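Here's the structure, in structure tokens; my notes come after.
The values are calculated or read from the model by the stated rules, or taken from the named source; none is laboratory data. Please read all numbers here as calculations on a predicted model, not as lab measurements. For neighbour counting, all protein chains shown are included, and Cβ atoms are generated from backbone atoms with ideal geometry for every residue, glycine included. Keep in mind that these areas ignore ligands, DNA and RNA; they rest on the heavy atoms of the full protein, side chains included. Shrake-Rupley method; radii C 1.70, N 1.55, O 1.52, S 1.80 Å.
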Amino acid sequence: MSRFCVYLVVFCAMCCRFSVLSYPQGAPVRTESCVNLQPVHTDPLSNQPVQNQKGTTKPYRILVSQQQYQTCTTTQQCGLQPLQVSIQGQGGLFRGFIVQARTPSGGSRSWGQFFPLQTGDSKVIQCQNGLTLTHTANNDKNIVRFAWIPEPGMRDQVQFVATVVQNLRTIYPGVYSAQLRPVGVSAIRAGLPGSAPLKTAGVISLVTSVIAILL
């Protein structure tokens with residue numbers, strides 16, 4: 001997908017960000033899903049919770065357009081260089097997923113903002129630990145694409161971590177991307193406190209900046 005299209009998606013999504021986050025629908029916003037990245041499926045035959053697939057080999061991967069992100073201090077700066085990310089099957093399809101951007105050093109905080117790049121297959125939900133991307137329907141998929149931007153003030157390495165649902169009884173947790181390092185800072189500082197939520201003025205500034213680039 002071209003950089004122009006990614007900018008356009010981010011621009012449109014930022015315009016309606018507040019309404020999207022106010023009425024999350026479909027995906028469960030609870031500790032199991034948001035913090036533990038678990039779908040908590042129940043087998044209809046045994047009425048028992050479905051267990052995760054064990055082992056290190058997973059038929060899915062997360063690819064990123066680059067292994068670094070540009071640090072930023074304002075909302076408009078953060079929105080100017082989105083990363084393109086995809087969850088892909090390696091010879092197999094999947095029906096559901098939940099993905100966050102977390103620090104490799106630990107913690108459950110989800111960093112940054114997500115923007116679906118394909119219509120109708122994913123959506124952003126507001127979890128208690130940060131913004132999260134999940135599926136909108138349980139149809140078979142081979143790839144899901146989205147864009148991601150950092151938050152103002154981020155200085156930590158991050159990586160995308162997902163749980164991918166192949167079907168009702170087959171769940172693969174711990175699908176990781178490569179680690180993304182921040183650039184534009186002299187040192188990486190771990191444990192930086194979270195930044196404040198987006199303000200309306202910041203969104204307006206970002207929209208103005210993106211329009212200028214597109215023109």
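Working note: Karplus 6.51/-1.76/1.60 with θ = phi - 60° gives the stretch 113-129 the couplings 10, 10, 9, x, 10, 10, 6, x, 10, 8, 8, 9, 10, 9, 8, 5, 10 Hz, where Gly and Pro are set to x. Note on the stretch 52-143: Cα-Cα pairs beyond 20 Å make up 45% of the total pair count. Near Leu93, no amide H atom lies under 5 Å from its own; only residues 5 or more places off or on other chains count, and H is placed 1.01 Å from N.
Phi angles of the stretch 63-69 translate, via the Karplus equation with coefficients 6.51, -1.76, 1.60 and θ = phi - 60°, into HN-Hα couplings of 10, 10, 5, 7, 9, 7, 9 Hz per residue; Gly and Pro are given as x.
Ignoring any ligand, DNA or RNA, what whole percent of the accessible area of the stretch 96-180 comes from carbon and sulfur when the probe is 1.4 angstrom?
Here carbon and sulfur together make up 46 percent of the probe-accessible area.
Amide H contacts of Cys72: Gly153, Met154, each under 5 Å away and 5 or more positions distant or on a separate chain (H built 1.01 Å from N in the peptide plane; Pro and chain starts excluded). Amide H contacts under 5 Å for Gln113: Ile149, restricted to partners 5 or more places along the chain or on a different chain, H placed in the peptide plane at 1.01 Å from N.
Computed over neighbours whose Cβ is under 12 Å from that of Gln88, the net charge equals +4, Lys and Arg +1, Asp and Glu -1.
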